[in-house]
Structure formats: structure tokens, C-alpha cells
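The values are calculated or read from the model by the stated rules, or taken from the named source; none is laboratory data. Just so it is clear, the model here is predicted, and its values are computed rather than measured. Heads up, the Cβs are rebuilt from the backbone with ideal geometry, glycines too, and the neighbour counts pull from every protein chain shown.
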Ligand code: SF4
């Protein structure tokens, strides 16, 4: 992606873009980007020392599974199962389920927390202001929203946007695990504390989880944690850190595309 276009998206995100001295004629590059790119040239950072509380969820079992369980379902059957799901109390208060959206063969899969009010109304994850910021973040690394697959830990909105309860996340998990198994992404991007803690089975704070690589599932899919766009809207000073995480994702996608 050309630097000017990336810089425009970064400015739209609210990430300060600096020009190198002597490069104010439009040929300079973003200081945030160039600094990190330089550090990445020395190799990816080590895997995060995640505090794992229990075994991470597996993407799918190798044992024979009944055809009516999510692990055995194709896309349409899975979608139907989610739409009619009443496995936790959130079915009582949802407007509709929010299954997931995007390219079902995507290299990058983004996993958020749970639907908010806008998502509950529209039936699509990451819409509204947070969704617009996510779109800008993707565009800044040269990706369109339609090129990635986006899903949440929960498919139904918790009332009042409260945090998902452990039992709700547990009940909903088979759907997400099947989505990951069907997409088979090259890279996973976990956005927000709830997403990261559930996927990685940890209670570590997001500040300790972001910025380095984790591995997910039996395929050891590279997983990066970053801040949720809704949090970035409230804490714009953290946007440069999110940008650093995204740059690592972009580089890993490029590397893996070459394999
Ligand atoms: S949140 Fe998940 S488990 Fe609960 S009712 Fe919705 S789809 Fe079912």
C-alpha cells in the first residue's frame, strides 16, 4: 500500500503522522510506521508469556462428532443453529443473533467481544462508530472489510453492554470454534480484553497480552491481541499502540502469503 494513502487512513484514525525532516514534500513516511517496521526487520518479537489458566480451546476435535453439533456443521447449518439458539439467557433479550460477516476464506479473522446496540439492531458485528474505526484500521494496512472475516465471542447482545458472563461465553464457544475451523485463517486478531481472555484462557490484562504473538488451537495459528476500537474511541492515546499491533499483523500476513 502506498504511504500517502496509509498516512491518510492513519490521520483519519487519529494516529499522529510525522514526516521525517527533509521529507515534507510528500515522500516521507509515517514515523510510527517506519520505526516499527525497522524493529520488525530484526525479526518478530518472541511469543507472549501468556498466563494460561487452562488449556486453550481447540478449534475442532479429531474424534467423530454427532452431525447436530457445531463441530460437524457447514456454514449454512451453523448459521441456522445460531439463529435459533436458546442455549443461554441472552436469547431472551436479543433483537437478533449476530453471526459473523465477511470473507469465509479470509487470511485474517477478527474476533471481538459481543454485539452492542448497533450490532443487535443491524445483525452485523462491528458497525457504528467502533466499526468505522475498525474499517479505517484495516484500510491503513491495505485491507478492506470485505476481505476479512469478523465474528464475536458471543452471538447475542448482553443487556446494557455488560461483560459476557463465563457461562454465556462457554455456551457460545462451539459456534466460534467452528467458524474459525471453517475459515482456517492464517492470522487471528483478537480485539479487546474479553475476546483475548476468552480465547487465550487467561485473566492477564490486555496490556500484557497485546504487542506479541500468541498461538491458537492445534494449528498454532498466530494470534495478535489489540485494543477494541470502542476503547480506542474513549482512549485515543492508545491508538498508536493499536497501530503497532496492526503492523505486526500486516507483516505476518505478508510472510505467510509467501509460504
Ligand atoms: S449468546 Fe450464544 S449461546 Fe447464548 S443464546 Fe446467543 S447464540 Fe446461543
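Structure summary
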quantity: Meets criteria (assigned to a loop (DSSP other than H, G, I, E, B), touching a residue at least 12 places away in the same chain (Cβ under 8 Å), more than 10 Å from the ligand (Cβ to nearest atom) and more than 16 Å from residue 162 (Cβ to Cβ)) for residue 104; calculated: yes
quantity: In the range 80-101, residue surrounded by the fewest Cβ atoms within 10 Å (Cβ to Cβ) [restricted to those that are over 15 Å from the mean Cα position of the chain (by Cα), more than 8 Å from the ligand (Cβ to nearest atom) and touching a residue at least 24 places away in the same chain (Cβ under 8 Å)]; calculated: 93
quantity: Elements of type helices (runs of 4 or more DSSP H) in the range 125-202, at least 3 residues being within 16 Å of the ligand (Cβ to nearest atom) and under 17 Å from residue 224 (Cβ atoms); calculated: 193-200
quantity: Single condition residue 135 does not satisfy, out of (1) free of Cβ contacts under 8 Å to residues at least 12 places away in the same chain; (2) under 21 Å from residue 248 (Cα atoms); (3) over 14 Å from the mean Cα position of the chain (by Cα); calculated: (3)
quantity: Count - residues of the range 209-237 that are without any contact (Cβ under 8 Å) to a residue 60 or more places away in the chain, in a helix (DSSP H, G or I) and surrounded by fewer than 16 Cβ atoms within 10 Å (Cβ to Cβ); calculated: 2
quantity: Given (1) modelled with pLDDT of 95 or more; (2) within 20 Å of residue 102 (Cβ to Cβ), number of the condition residue 217 does not satisfy; calculated: (1)
quantity: Condition met for residue 167 (surrounded by 20 or more Cβ atoms within 10 Å (Cβ to Cβ) and modelled with pLDDT of 95 or more); calculated: no
quantity: Test: residue 250 is in a helix (DSSP H, G or I) and crowded, with 18+ Cβ neighbours inside 10 Å; calculated: yes
quantity: Filtered residue count, the range 242-259, keeping only those that are over 14 Å from residue 140 (Cβ atoms) and in contact with a helix residue (DSSP H, G or I) (Cβ under 9 Å, 6 or more places away or on another chain); calculated: 0
quantity: So residue 114, is it outside any helix (DSSP H, G or I), touching a residue at least 40 places away in the same chain (Cβ under 8 Å) and crowded, with 17+ Cβ neighbours inside 10 Å; calculated: yes
